[in-house]
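The values are calculated or read from the model by the stated rules, or taken from the named source; none is laboratory data. If you're wondering where the values come from, they're calculated on a predicted model, not measured in any experiment. Every residue, glycine among them, receives a Cβ derived from its backbone with ideal geometry; neighbour counts consider all protein chains shown. Heads up: the accessible areas ignore ligands, DNA and RNA and are worked out on the full protein's heavy atoms, side chains in. Shrake-Rupley method; radii C 1.70, N 1.55, O 1.52, S 1.80 Å.
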Amino acid sequence: MRALVHLGANACIIGRNVEKTETMAKSIATARRGAKVIGIGAVDVRKIESLEAAVERCVRELGGIDYVM
């Protein structure tokens, strides 16, 4: 992810732990000046509603999703 951000991508990462997810997003954002990396914590991938909320926030803040890793 860091390499993609370095090359010009913005990113949204999700995770269960809010603090760890936000910390990792901040770390990845240092790969490129002006990068926008969003960390969305408290996401339970077993619950579609949780994933849908994360997708909606990502699209709202970054304008869309080009791919998922």
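Across the options 4, 31, 69, the greatest Cα extent toward the positive end of the charge dipole of the chain (unit charges at beta carbon of Lys, Arg, Asp, Glu) belongs to 31. Remark: the chain carries a charge dipole of roughly 300 debye about the Cα centre, counting +1 on each Lys and Arg Cβ and -1 on each Asp and Glu Cβ. Share of carbon and sulfur in the accessible area of the chain stands at 54%, probe radius 1.4 Å.
Dividing the helix sum by the residues of the chain, where each DSSP H run of 4 or more adds -39500 (n - 2.57), gives a mean residue ellipticity at 222 nm of -14000 deg cm²/dmol. Rolling a 1.4 Å probe over the heavy atoms of the protein chains gives the chain an accessible area of 73 Å² per residue.
The value given for region 6-64 is a Kirkwood hydrodynamic radius of 11.7 Å, derived from the mean inverse Cα-Cα separation.
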